[in-house]
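Peer 1: If you scroll down you'll find the structure; I have some questions about it.
The values are calculated or read from the model by the stated rules, or taken from the named source; none is laboratory data. All values derive from a computational prediction rather than experimental measurement. All Cβ positions, glycine included, derive from the backbone under ideal geometry; neighbour counts span all protein chains shown.
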Amino acid sequence: MKEISNMIAIYRKSFAANKLFFTLTFTFALAIVLTLYAAAKTTYINPAAGYNLSINNTIYITDSGSVGIGKTVNLSEKLTLEGGNFLQNSGNPTHKGSITDAGATELDGAQGIYVSGKYAYVAGNLDNGVEILDISDPSSPKHVGKFNDSDHPNAELDGTWGIYVSGKYAYVTGQVDDGVEILDISDPSNPRHVGSITDDATTELAGALGIYVSGKYAYVASPNDNGVEILDISGIDAPTASIGNIAASSIEVWDNADIGNNLYVRNGINVGGSILSDGPVSFYNKSLTINSLGNVGIGIWNATAKLHVNGSSGTLFRITGTVGNGDNCNWSNSGDGVNCTGLNADYAELYSSSEKLEAGDVVVIDNENEEFIRKSYMPFDTKVLGVVSTRAAIIIEEHSIVAMGLDYDQDPLNPPVALAGRVPVKVTSENGFIEKGDLLTTSSTKGYAMKCEVYEIEDSKSWKSAKERLNEKCSSAILGKALQPCYEETCKIMAFVALQ
């Protein structure tokens, strides 16, 4: 306080003649000093601790300009509040818009209200109904739909009071009806009665007023019964549901889930059965995609082939184990990769069929329909005509060539039939496993070929006898020669079609 004493001495020497002026000046100076002294106790600079300002150990300002209230460390945000609440005065509300009851609305005695999305659902107590308003423009709410107690014989809306909306349903209390009404509001312009319940000896719904829905339960306040009624509303679940937004820790679907737009899964998806999608499907940042044409892309979004693999380096694709033969290719392992070594090349003609056919079917002349074909159905059938082509090199119809070396959109009732050349064919091992070079004929399995082998030939004593026995079965019934083996019950293999 040395500074104060010096100031007093100076004032005494300078203003001794004027005591009143001295007294006033001294009092003013003393007040300033005391104020600075008090501030010096609560406000101080503390750069060593990383703060520019600290007030009463409550408010802290860091070197970077962050402010902490009640928090001294880790002030990562511009304003950090700890150990209290934040209160913001919003000011006075102002008028935005309104709507009053008219002949087309149910707003007389408007009581309860619930807002969901762009719609407001209002309980009209005196109108005994529910009014649905479009509030997408708050300055001009518009009537969208309504439902009145008289619209359904089982409705419980007399004395409409409380209302709660969950999903596509509105749950409404009817004070006079002592009950709860459930409306389907999936079409806001046409709400429909779904179900209702009224008070009885087992419930507490007399004079039902307030209502709240959580999960599969509705909670209803009953002033007349002095109680609360809890209703299980899971029974009103429909086989399908339309939900705007849903947040849940887990969702279990027992039957089907139909997603109208996009389904985003943040973590993983585990499907026990199958996935059916009408649109493109992609996984893990489009690393695996299936487009609307059914093309599968790996490392590429717009796959242009049934399997389109795209990569910049390394082995693009590897198959371990046995590699089967496709309709259009013979596959063979080559080092670390797989190469396509063959394409079918057949000559085909369009034929009318008395039944739907598909690629690889063995066909015969239909005796019951002139100039028609059908699937083969008996072994060693001399009416064999050929095999339905998969992708013919040349397709003719009467005197014209209709396709040559191109993909052809086949008509199952007017398919191209391979008359000669290399083509995939359905085969069965009912007459023994098929080896390369085996002759093929019709089998008892519809649309399938089998090898043409007669085991009694081994017992023949001469080639002439064996040839006679073979001709008894296979003469004029051979459709071609196997180019690949079949060691399964059924296969689709490459064969060279050559009728005999």
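Peer 1: Could you identify the single residue in 395, 373 that is surrounded by 14 or more Cβ atoms within 10 Å (Cβ to Cβ), at pLDDT 85 or above, within 23 Å of residue 293 (Cβ to Cβ) and β-branched (Val, Ile, Thr)?
Peer 2: So the residue among 395, 373 that is surrounded by 14 or more Cβ atoms within 10 Å (Cβ to Cβ), at pLDDT 85 or above, within 23 Å of residue 293 (Cβ to Cβ) and β-branched (Val, Ile, Thr) is 395.
Peer 1: Now a separate question. Considering only residues that are farther than 13 Å from residue 441 by Cβ and in a loop (DSSP other than H, G, I, E, B), which ones fall in region 378-393?
Peer 2: Hits for region 378-393 are 389, 390, 391, 392, 393.
Peer 1: Can I ask one more? Considering only residues of region 134-166 that are assigned to a helix (DSSP H, G or I) and either of a type in the set (Asp, Glu) or in contact with a Pro (Cβ under 7 Å, 6 or more places away or on another chain) (or both), which is surrounded by the fewest Cβ atoms within 10 Å (Cβ to Cβ)?
Peer 2: Filtering first and then ranking leaves 151.
Peer 1: I'd like to know if region 443-454 contains one or more residues that are in contact with a helix residue (DSSP H, G or I) (Cβ under 6 Å, 6 or more places away or on another chain) and at pLDDT below 70.
Peer 2: For region 443-454, residues in contact with a helix residue (DSSP H, G or I) (Cβ under 6 Å, 6 or more places away or on another chain) and at pLDDT below 70: present.
Peer 1: Between a first residue in region 407-430 that is in a strand (DSSP E or B) and a second residue that is at pLDDT 90 or above and among the basic types (Lys, Arg), which pairs have beta carbons less than 9 Å apart while being 6 or more apart in sequence or on different chains?
Peer 2: Listed by first residue and then by second, the contacts come to 424/492; 425/492; 426/492; 427/451; 427/492.
Peer 1: Moving on to the next point. Given the structure, is residue 105 touching a Lys or Arg at 6+ places or on another chain (Cβ under 8 Å) and assigned to a loop (DSSP other than H, G, I, E, B)?
Peer 2: yes
Peer 1: Can you tell me which residue in region 433-456 is surrounded by the fewest Cβ atoms within 10 Å (Cβ to Cβ), limited to those that are more than 19 Å from residue 475 (Cβ to Cβ) and in contact with a Lys or Arg (Cβ under 6 Å, 6 or more places away or on another chain)?
Peer 2: 446
Peer 1: Out of the strands (runs of 3 or more DSSP E) lying entirely within region 181-226, which hold 3 or more residues that are within 20 Å of residue 150 (Cα to Cα)?
Peer 2: Result: 192-198.
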